[in-house]
1. Are there any helices in the chain, counted as whole DSSP H runs, that stretch 18 Å or more along their axis by Cα and score at least 0.5 on average by Kyte-Doolittle, and if so which?
2. Cβ under 15 Å from Gly59's Cβ, Gly59 left aside: what net charge do those residues give with Lys, Arg +1 and Asp, Glu -1?
3. Place a point 7 Å from the Cα of His82 along the Cα-to-Cβ direction; which residues of the stretch 9-23 have their backbone N under 18 Å from it?
Amino acid sequence: MQWSSPHGWRGWLWPALLATVIVVASGRGQVAAPPIVDFDKLAHGAIFGLLATLVARNGFGPGRAWVPIVAVSLFGLTDEWHQSFTPGRSVEFADWAADTLGAVVAVTAYTHWAWYRTTLERALIRRGRS
């Protein structure tokens, strides 16, 4: 498996878009969520895990898998800080822990589980040969 980014600068568009959505959502006073106990922790883990996977796809192989984990964890910390300025929102250590845990699980799966990695890298639409 080649660990250099196959996407070039375009590989950073999806992580940048998702990070923007996270910042916009955390700036809202109320975020819609089902009334399930600790659902928000699961959502934090899933969203930040996806973000970490999108960052890891840009050439961070097993020897450098810590880079997207640390970057996304720090982003989660700044997101919690950002929420402290939003009326109706608060800073929760558990949210940041869920962000970080989601990043760790997702990047570990991406870097060490070949089936998962190749499934994520498979083209959704097959292009015809020209």
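1. Values: long enough: 13-26 (20 Å, 2.14); 39-56 (25 Å, 1.37); 66-83 (25 Å, 0.57); 93-112 (28 Å, 0.76).
The answer, listed by residue number, is 13-26, 39-56, 66-83, 93-112.
2. +3
3. 12-23
All of the numbers you see were taken from the coordinates with simple rules; none came from a lab. Bear in mind the structure is a predicted one, so any value in this text is a computation, not a measurement. We place every Cβ from the backbone using ideal geometry, glycine too, and count neighbours over all the protein chains shown.
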